[in-house]
Amino acid sequence: MNLLKSLIVFLLLATPGFAQELGPEELVKKMTLDVLEAIRSDQQLAAGDRRKAIKLAEEKILPHVDFEEATRLAVGRGWKQATPEQQKKLVAEFRSMLVRVYSNAIGAYQGQTMKVLPVRMKPGDTEATVHNQFIRPGAKPVLVDYSMRKAEKGWKIYDIVVEGISLVLTYRSEFDAVVKQDGIDGLIRRLSQKNTPAVAGA
């Protein structure tokens, strides 16, 4: 499950820094080329250099992920219980957690490729799902779906479904259990505790 979460996070974060004007299909194609090429061309990055992975994410990737929507969906019913300040903290901690997982797992994707399938959309659509195949040498392709929506500054990714397993639903059950036991502040503390080693190491 941890490897699958890492794959989901990698795909969620693999967004190009200048593709905001592209359509969903074009954006996914571009993001795959950009991120995998960065891994191929930088041995330290491919080996899992966390500083370079975090820098890549901060400069080229994170501005194009809808972390607020992803966090809202991951937290589920607890989101409405949270105050605006708590929601802001949840988004910040969830974002940090995804970056932590991404920076620790990036080396596992060296030599991988992605096949993006055509997207069926009608003019004016603001929601889209991009279907892909994550191709691994000597292994069966992994089916990957990007859930995307159009925002003011272009299309953004808010969820990834890998082989039928959603990033949002994977974390929702865990977050819901923490909220039931310790409340929203408890969830914020739990995420902060998980993120602290990453911050210190970075």
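Once the 1.4 Å probe is applied to the protein heavy atoms, the range 129-202 comes out at 52 Å² accessible per residue. A crude spin-label estimate for the pair Gln81 and Glu174, with each label 7 Å from Cα along the Cβ direction, gives 1.9 nm. Rounded to the nearest 20, the Cβ-based charge dipole of the range 133-202 about its Cα centre (Lys and Arg +1, Asp and Glu -1) stands at 200 debye. Working from label points 7 Å from Cα in the Cα-to-Cβ sense, the Leu143 to Arg51 distance is 4.3 nm.
Spin-label pair Glu127-Ile165: with each label point 7 Å from Cα along the Cα-Cβ axis, the two points sit 2.5 nm from one another.
Taking the Cα centre of each part, how many Å lie between the range 160-196 and the range 20-67? Cα centroid of the range 160-196 versus Cα centroid of the range 20-67: 24 Å apart.
The values are calculated or read from the model by the stated rules, or taken from the named source; none is laboratory data. Only a predicted model underlies this, so the values are computations on that prediction, with no experimental measurement involved. Heads up, the Cβs are rebuilt from the backbone with ideal geometry, glycines too, and the neighbour counts pull from every protein chain shown. For accessibility, only protein heavy atoms count, side chains too; no ligands or nucleic acids. Shrake-Rupley method; radii C 1.70, N 1.55, O 1.52, S 1.80 Å.
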